[in-house]
Amino acid sequence: MTVTARPYRGGESARRAVDLALATVAGVVLGPVAVAAAVLVRWRMGPPVLFRQQRSGLHGAEFSILKLRTMRAEDYPGEPDPDRLTTVGNVLRTTSLDELPQLWNVLRGDMALIGPRPTLPEQVERYSDRQRGRLAVRPGLTGWAQVLARNSISWPERIELDLWYVEHRSWSLDARILLLTAWRLLRPSGVTAVGGINPGFPLPEDLIGLPTCQYSREA
C-alpha cells in the first residue's frame with residue numbers, strides 16, 4: 001500500500017516558511033547553549049567538535065547531518081559504543097543537546113523541524129515500497145515516533161509511527177509534537193535502544209553481524 005503525504009493547509013511553502021522562522025528563533029535563543037556545549041566537547045574530547053554522517057532525506061536525497069560529538073575515538077577497531085561514550089557525551093545525548101547543530105540542517109533545507117528522523121542510505125536500501133513513504137517528506141529534528149517512544153521500540157514499529165505521521169500531518173499535529181518534544185526533553189527516556197541499535201534495524205544482509213557501532217549515532 002503506497003503512503004501519500006497529507007498536504008498542509010497553505011501548502012509546503014508555508015510549512016517551509018514556518019520552519020525557517022522557528023529554526024532562526026531557536027538558533028538565536030539556543031546559540032549560547034550550543035557554543036558552550038561545543039567548547040565543552042573540544043575541552044574534554046578534543047577535535048573534531050562536530051560529528052558528520054550521510055543520511056537520506058526528502059525523496060532519498062543524501063545530505064550530511066550534523067551533531068555534537070559524544071564519543072571518543074576508538075582505542076581499537078570495533079570498540080563497542082558504550083565504552084566510547086564519554087560522560088559529557090552521555091549528558092549531551094540525554095538532554096538532546098547533541099542535536100542542536102541540526103538547526104543548520106533545517107535552515108539549509110535538508111531537514112524540517114518535524115518529520116521522520118533521517119536514517120542511513122544503506123538502511124533505506126532495505127525499505128519496502130510502503131516504508132519508502134517515509135521519504136515523502138523532509139526528515140525532522142523531532143517527530144511523532146520520537147515523542148512517543150524515541151529509540152525504545154523496534155525499527156518496524158518506529159517506521160509505522162512515521163508513516164502514520166506522513167499520512168496525517170497537519171499544523172495541529174505538529175503543534176502537539178512540539179509540545180510533547182518539550183515534555184520529553186524535561187523527562188528524557190528511551191534515548192538509545194539496548195546495545196545502541198533498534199531491534200529489527202534494516203541492515204544490509206552482507207553487513208549483519210558486524211559491530212553495532214557501525215550503525216550507531218556516531219561512528
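Derivation of every value follows stated rules applied to the coordinates shown; laboratory data play no part. Note that this is a predicted model, so its numbers are computed, not measured. Neighbour counts are summed over all protein chains in view; Cβ atoms, including those assigned to glycine, are modelled from backbone coordinates with ideal geometry.
If the chain between Leu178 and Val35 were fully stretched, how many nm would it gain, using 0.36 nm times the residue separation less the Cα-Cα distance?
Numbers: separation 143, 0.36 × 143 = 51.48 nm, distance 2.33 nm.
Stretched fully, the Leu178-Val35 segment lengthens by 49.2 nm.
Return the distance in nm (one decimal) between the two label points of a simple spin-label model at Glu12 and Arg132, each offset 7 Å from Cα along Cα→Cβ.
The two pseudo-label positions are separated by 1.7 nm.
Using only the alpha carbon atoms of the range 1-137, find the Kirkwood hydrodynamic radius as the inverse mean reciprocal pair distance, in angstroms to one decimal.
Radius from the Kirkwood sum: 16.7 Å.
If you split all Cα-Cα distances of the range 73-181 into 10 Å bins from zero, what percentages do you get per bin, shortest first?
13, 39, 35, 12, 1
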